[in-house]
Amino acid sequence: MIKFIARRVFFSIPVLVISSFIVFWGIRETFDPTAKYRTSKDATRLIAEKRKELGLDRPIVVQWWTWATRFVRGDWGVSASTNGKVTAMTSRALGFTVQLIFWGVLISLVVAIAVGVYSAVRQYSVADVALTGLSYLGVAMPPFWFALLAIQFLSVEPKLRWHLDRPIFYFVGLHSTGQSGFNMDYVRHLVLPVLTLTVQTVAVWSRFQRAAMLDVLSADYIRTARAKGLRRRQVIFKHALRNALLPLVSQTAVDAGALFGGLIITESIFSIPGMGRLFIAALLVGDVNVILAWMLVGAVFVILFNLLADVVYGILDPRIRVQ
């Protein structure tokens, strides 16, 4: 298993290097840090001096290499809008986003697997038809619209709102409150963003799990296990579910990595100071260093989730490690 993981990590490094160069080149072509000097009286001189100071007069490969070596050492530059260190800004925002992704993916996986397995085992039953209809409704419902409904009916309406000492749409994370324990205040402020995040995800993942489970239940080795007299619960959970999880693992890796960028709307609606809001704020003012950090951290997240999917694949199916 160690060699398997090491091999996957080794092949992930070139992907990260190439993606970082593409991101750096795209942002350099899109944003001009010297644009604000064009209206000055001595614009030509100021722009030339600033370009030399920032190294923009050098080839793009040299610029990327200089930035990449500093980035690896932890020097992510200074924000053009706040003059704060990008490393500190990104670390704080990343803490909030990671909490949302962790709870969103964990809860979505548990519910989706349970719903998918139950629907497959009781195919075409009343419960299966009802869960299928709810999943279609969840897929069709835009997350931003569901978030607004959740705020309206669970936080604003007098008859339905929770009795809180602060608005529900203000997010309080564990590391921001200075508390190390799991408390109800944390849960109450986290529940609506996570609920918004999981509704559509559960709807999609449960469909994947149901289809995979139905495919496995019709396999020859499952019929053989039943013919040998194994208990129904043992056939489902020991023999069928393990192989039926493989397609969901792939889908989870793709969607979990995409959540890093997809949280922009959720964080904006619930006023969560995470990576999504940090990106929007940097994009509006053309804060290149913050945008570069956001892009590269997002690429690392995608690679890490795909690496995790490979490891889980190897655990569920030992033949993959051999191959």
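In this structure, is residue 227 out of contact with any helix residue (DSSP H, G or I) (no Cβ under 9 Å at 6 or more places or on another chain), over 22 Å from residue 291 (Cβ atoms) and aliphatic (A, V, I, L, M)? Here the answer is yes, as residue 227 does meet what is asked. On the given criteria, is residue 56 surrounded by 12 or more Cβ atoms within 10 Å (Cβ to Cβ) and more than 30 Å from residue 195 (Cα to Cα)? Considered against the rule, which asks whether it is surrounded by 12 or more Cβ atoms within 10 Å (Cβ to Cβ) and more than 30 Å from residue 195 (Cα to Cα), residue 56 comes out as yes.
Screening the candidates 18, 47 for the property of being of a type outside the set (Phe, Trp, Tyr), crowded, with 16+ Cβ neighbours inside 10 Å, over 30 Å from residue 217 (Cα atoms) and free of Cβ contacts under 8 Å to residues at least 60 places away in the same chain yields one hit, 47. For residue 5, the stated conditions hold: it is closer than 29 Å to residue 204 by Cβ, hydrophobic (A, V, I, L, M, F, W, C) and at pLDDT below 80. So, of the residues in region 88-127 that are surrounded by fewer than 16 Cβ atoms within 10 Å (Cβ to Cβ) and of a type in the set (Ser, Thr, Tyr), which turns out to be farthest from residue 233 (Cα to Cα)? In this case the residue turns out to be 91. Just to be sure before I move on: is residue 206 among the hydroxyl-bearing types (Ser, Thr, Tyr), in contact with a Ser or Thr (Cβ under 8 Å, 6 or more places away or on another chain) and at pLDDT 85 or above in the structure I sent? Judged against the criteria, residue 206 is a match.
Would you call residue 59 closer than 26 Å to residue 249 by Cβ and either of a type in the set (D, E, K, R) or out of contact with any strand residue (DSSP E or B) (no Cβ under 6 Å at 6 or more places or on another chain) (or both)? When the stated conditions are applied, residue 59 does not pass them. For region 123-146, filtering for residues that are under 24 Å from residue 268 (Cα atoms) and more than 22 Å from the chain's Cα centre (by Cα) leaves 1. Restricting region 177-194 to residues that are part of a helix (DSSP H, G or I) and surrounded by fewer than 16 Cβ atoms within 10 Å (Cβ to Cβ), the residue that is modelled with the highest pLDDT is 191. Restricting region 50-81 to residues that are among the hydroxyl-bearing types (Ser, Thr, Tyr) and touching a residue at least 40 places away in the same chain (Cβ under 8 Å) leaves a set whose member that is farthest from residue 296 (Cα to Cα) is 81.
The values are calculated or read from the model by the stated rules, or taken from the named source; none is laboratory data. Computed from a predicted structure; not experimentally measured. Backbone-built Cβ (ideal geometry, glycine too); neighbour counts: all protein chains shown.
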